[in-house]
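To keep things clear, I will list the structure first and then write my remarks on it.
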Ligand SMILES: *Cc1c(COP(=O)(O)O)cnc(C)c1O
């Protein structure tokens, strides 16, 4: 029997996306060059509930712009959670500041408020929170701490479009929120991102910095600063517009998939899914499991067993402080004892197939395999 592999992530493209992109490549030139950006940004800011939205080539560029627009640079420290994609932290180095790694909460797998507060020093200027795997941070506590120490907050909502904390949309909690539309994300433009904010000063500064230091509409070509070039193409903006018009159905799919998994896996003792807390309406970018360390099996072995059945998976993010990219930073520091939850999660967590085209029978296949793996301790 030939079985198709079950992919871990991927988009859901319909005729609407094809029509909008076709229209953009045909018509979005000359005086209409920005028509899809304007519609996409307007729809996006309405969805997140912020005054401003800026379409960008990536989420990484959004974080870079946010830090730059806030004037963060050499000598400053920025706190990030250990468990995230390196894109959250890399822009801290781009601006010459220093990343400081804090632990995550064992329940939400997002930034732990106590660990965050402990990591604050007189040099700390900002924190980047991460709404991991479509779940959300405990914003009441995190924002209260940030306010007490007068820190800027950047919300990395790359994985959480459409999620809500106490009814308020992901991306609207920080001074700046950023999103990713990479092909693996819930809403995709192939590659792309969005910066959202209610702070007009930061927005204007970011808008200046993202176009080689010129204000929109300026054609004097007399640049006053060396800056960046971070713009999205109109074809991507058209794709994004089609996707955001379908956001409700995209999220419905993600929620459905999570419930297919949780119905079957919640019966297995010692396995925890990314079940959100009572204040969070999650969007489950990636259905994830963490197993009890008492199971004598490695992450590699679990992934190999799935692989043998044609099932793709991903390892949980490794703690940033454990990456070779940050060894210079972590020298002589015992991060595994400073941030124990993150180091525990690394060994015992994976992401399960969560593409938008996942079928119920595929989810059952995955659950059956997980059931076999974890039935014998
Ligand atoms: C995907 C992702 C990013 C990076 O997004 P790009 O658009 O690839 O720059 C940043 N942070 C998190 C948490 C992500 O999952």
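Here, each number is a calculation from the coordinates, and none is a lab measurement. Owing to the predicted nature of the structure, the values given are computational and were not obtained by experimental measurement. Quick reminder, even Gly has a Cβ in these numbers, built from the backbone with ideal geometry, and neighbours come from all protein chains shown.
Site pair residue 191 and residue 118 shows an inter-label distance of 3.9 nm when each label is modelled 7 Å from Cα along Cα→Cβ. The gain in end-to-end length when the residue 299 to residue 264 segment is fully stretched comes to 10.5 nm, 0.36 nm per residue minus the alpha carbon separation. The calculated FRET efficiency for the pair residue 107 and residue 43, based on their C-beta separation and a Förster distance of 35 Å, comes to about 0.55. Straightening the chain between residue 225 and residue 309 buys 24.7 nm, computed as 0.36 nm per residue apart minus the Cα-Cα spacing.
Between 183, 193, 62, the Gaussian network model of the chain with springs among Cα atoms under 10 angstrom shows the greatest mean-square fluctuation at 183.
Choose one answer from 34, 274, 339: the residue with the largest mean-square fluctuation in a GNM of the chain with alpha-carbon springs under 10 Å. Result for the chain, Cα springs under 10 Å: 34 fluctuates most. For the peptides 275-282, 217-224, the ranking by packing is 275-282, 217-224, with the highest mean count of neighbouring Cβ atoms within 10 Å listed first.
Just check region 1-102 against the gyration tensor rule for me: Cα atoms, a ≥ b ≥ c as the square roots of the eigenvalues, rounded for a/c under 1.5, and otherwise prolate or oblate depending on whether a/b exceeds b/c.
Numbers: a/c = 2.69, a/b = 1.32, b/c = 2.03.
Oblate, because a/c is 1.5 or more while a/b does not exceed b/c.
May I ask you to derive the relative contact order of region 23-168, considering only C-alpha pairs under 8 Å and at least 6 residues apart, and to give it as an integer percent? Please list the in-between numbers first.
Working: 218 pairs, mean separation 26.7, N = 146.
It rounds to 18 percent for region 23-168.
The shape of the chain comes out oblate: with a ≥ b ≥ c from the C-alpha gyration tensor, a/c is at least 1.5 while a/b does not beat b/c. Could you list the residues of region 83-110 with an amide nitrogen less than 20 Å from a label point located 7 Å from the Cα of residue 140 in the Cα-to-C-beta direction? Label zone hits: 105-110.
Remark: spin-label model distance residue 26-residue 86 equals 4.3 nm, labels positioned 7 Å along the Cα→Cβ axis. Extending 7 Å from the Cα toward the beta-carbon at both residue 318 and residue 148 defines two label points whose distance is 3.5 nm.
So for the chain: antiparallel DSSP bridges make up what percent, rounded to the nearest 5?
Numbers: 23 of 41 bridges.
Approximately 55 percent, going by the DSSP bridge assignments.
Residues 51, 373, arranged from fewest to most other Cβ atoms within 10 angstrom of their Cβ, appear as 51, 373.
The distance from the alpha carbon centre of region 282-337 to that of region 237-260 is 27 Å, rounded to a whole number. For the chain, adding -39500 (n - 2.57) for each run of n ≥ 4 DSSP H residues and dividing by the number of residues yields -11000 deg cm²/dmol at 222 nm. In a GNM of the chain with a 10 Å cut-off on Cα contacts, which of 318, 337, 355 has the highest mean-square fluctuation? Among 318, 337, 355, the largest mean-square fluctuation in the Gaussian network model of the chain belongs to 337.
Take the alpha carbon atoms of region 176-205, find their center, do the same for region 14-78, and report the distance between the two centers in whole angstrom. If you average the Cα positions of each part, the centres end up 6 Å apart.
Checking the a/c ratio against 1.5 first, then a/b against b/c, what shape does the Cα gyration tensor give for region 218-331? Present the calculation step by step, with values, prior to reporting the outcome.
Details: a/c = 2.60, a/b = 1.50, b/c = 1.73.
Verdict is oblate for region 218-331.
If each residue of separation counts as 0.36 nm, what is the full-extension length gain between residue 200 and residue 218 once their alpha-carbon separation is subtracted?
On the way: separation 18, 0.36 × 18 = 6.48 nm, distance 1.87 nm.
Taking residue 200 through residue 218 to full extension adds about 4.6 nm, to one decimal.
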